[in-house]
1. Can you confirm whether the range 180-195 contains a residue that is free of Cβ contacts under 8 Å to residues at least 12 places away in the same chain and in a strand (DSSP E or B)?
2. In the range 93-145, which residues are hydrophobic (A, V, I, L, M, F, W, C), closer than 18 Å to Ile169 by Cβ and not in a helix (DSSP H, G or I)?
3. Mind telling me which of the residues Thr271, Thr198 ends up being under 19 Å from Leu148 (Cα atoms) and hydroxyl-bearing (Ser, Thr, Tyr)?
4. Is it true that Leu148 is in a strand (DSSP E or B), crowded, with 20+ Cβ neighbours inside 10 Å and of a type outside the set (Asp, Glu)?
5. Looking at Ala220, Ala241, Ala273, Ala214 in this structure, which one is part of a loop (DSSP other than H, G, I, E, B), modelled with pLDDT of 90 or more and either among the aliphatic types (A, V, I, L, M) or farther than 30 Å from Leu114 by Cα (or both)?
6. Being free of Cβ contacts under 8 Å to residues at least 12 places away in the same chain and not basic (Lys, Arg) is true for just one of Ala237, Ala273, Ala260, Ala222. Which residue is that?
7. Checking Pro168 against (1) under 21 Å from Gly207 (Cβ atoms); (2) in contact with a Pro (Cβ under 6 Å, 6 or more places away or on another chain): exactly one of these is not met. Which one?
8. Could you check the range 248-268 and list, in sequence order, the residues that are closer than 18 Å to Arg147 by Cβ and of a type in the set (A, V, I, L, M, F, W, C)?
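The values are calculated or read from the model by the stated rules, or taken from the named source; none is laboratory data. These figures come from a predicted structure and were not determined experimentally. All Cβ positions, glycine included, derive from the backbone under ideal geometry; neighbour counts span all protein chains shown.
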Amino acid sequence: MNRFNNSLLNLVAISPSENSSAVITSRPNIVKIPNGNSTYRNMTNAGQDKSKNSAEAAQIIRNSQVVCFDVDSTVIREEGIDELAKFCGKGQEVAKLTKEAMKGSMTFQEALRLRLNIIKPSQKQIRDFLKAHPSTLSTGVKDLINRLKAKQIKVYLITGGFDCLVGPIASELGIPIENMFANKLQFYFNGEYAGFDTNQPTSRSGGKGEAINAIRKELADAANITMIGDGATDLEASPPADNFIGYGGNIVREEVRYGAKYYITDFEKLTQAL
């Protein structure tokens, strides 16, 4: 059984189609910049264009056969697990653990397990969360994805987030579920949290690169694949991705901007090239 069929069987009991309305389109552009501690202060994008080689990035998009997007802080404005933690009353505890994990004291999968063990989200909590806190699409991302699809460029979502949260986003963007790589939560029959599927590539370090390799195997080996994202795990996915375009329209991570050859803060710059 291939990954696509298997992914359908392993979806949690919350169907993405139930929550396809749990996405709102956009808010005015905001960039979050570290203020010296674990929190962020919001600043408008006006006068703070941090793009690098955006014209070349547009050319790369034109030449791509596949474009893969990170989700949290890229396709959407929020960080899903952080928002879920706040909703479940565990925001401060998870933020403290995340700060510790960023020091390199644990693997990605260990950090994910510990954060989820703090939150322990039930299916009911996730349903309520999706209704109360719909994700917000980043400005211009829907237009870009629609243009990519119109040009017969394949679009994938590759995220360390959870399929039950990302499914409504994929549905809103018209991205088929088989083009989504995401982590899968597991629940007991009573709906209580039981764990997560550690076999998913995005549950571990280097997992986004594994996902891209899987895409390449399913398509032509020579396919030109571009990864777009805001975080270090997105930057690390190239290679095997042929190209990486950093995105800072929601949060500017300076280490990613520094390491990326191409960096944009506005998806419109890519859309105009298509």
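1. Yes, the range 180-195 contains at least one residue that is free of Cβ contacts under 8 Å to residues at least 12 places away in the same chain and in a strand (DSSP E or B).
2. The answer is Leu137, and nothing else.
3. One residue alone meets the criteria, Thr271.
4. It is false that Leu148 is in a strand (DSSP E or B), crowded, with 20+ Cβ neighbours inside 10 Å and of a type outside the set (Asp, Glu).
5. Of Ala220, Ala241, Ala273, Ala214, the one residue that is part of a loop (DSSP other than H, G, I, E, B), modelled with pLDDT of 90 or more and either among the aliphatic types (A, V, I, L, M) or farther than 30 Å from Leu114 by Cα (or both) is Ala241.
6. Checking each option against the conditions leaves just Ala222.
7. (1)
8. Ile264, Phe267
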